[in-house]
Amino acid sequence: MLLQLLTALAALAGAVCSLLAEGSGTGAISGILPFTAGGFIYLGTVSVLPEILRNSGPAQALLQLLALLAGVAMMLLIAHYE
């Protein structure tokens, strides 16, 4: 329960930082976006990917890996066109 509270406080701190950086211009956004994308990629590769490979067959693992890569591609597209 304490770790859940810590996670919620970290999310709140991240929201406050993003709101404060909103008016700072593109310099702050160009630093926050790679950090956030890196966090998602790290979580996907370190915690989700081993579970996928351990609990499913090769075809299902390939589909799930492609879905993970599609999510990364969507983040890149959003970053490019935003």
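The values are calculated or read from the model by the stated rules, or taken from the named source; none is laboratory data. Nothing here was measured: the structure is a model prediction, and the numbers come from that model. Don't worry about glycine lacking a Cβ; one is built from the backbone with ideal geometry, like all the others, and counts go over all protein chains shown. Heads up: the accessible areas ignore ligands, DNA and RNA and are worked out on the full protein's heavy atoms, side chains in. Shrake-Rupley method; radii C 1.70, N 1.55, O 1.52, S 1.80 Å.
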Practice item. Have a look at the stretch 1-81 and give its Rg and Dmax from the Cα atoms, expressed in angstrom. Key: 16.0, 48
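Given R₀ = 25 Å, FRET efficiency for residue 15-residue 48 by Cβ-Cβ distance, to 0.05? All intermediate terms of the calculation are to be shown ahead of the outcome.
Values: r = 23 Å, r/R0 = 0.93.
The computed FRET efficiency comes out at 0.60.
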**Study point:** Distance between modelled label sites at residue 40 and residue 66, nm, 7 Å Cα→Cβ extension
**Key:** 2.0 nm
Review point. Kyte-Doolittle mean at least 1.6 and Cα extent at least 24 Å along the axis: which DSSP H helices of the chain qualify?
Key: 2-21, 58-81
Review point. For the chain, which whole-number percentage of the solvent-accessible area (1.4 Å probe, protein heavy atoms only) is attributable to carbon and sulfur atoms?
Key: 77 percent
Practice item. Provide the per residue accessible area, probe 1.4 Å, for the chain, rounded to a whole number of square angstrom. Key: 81 Å²
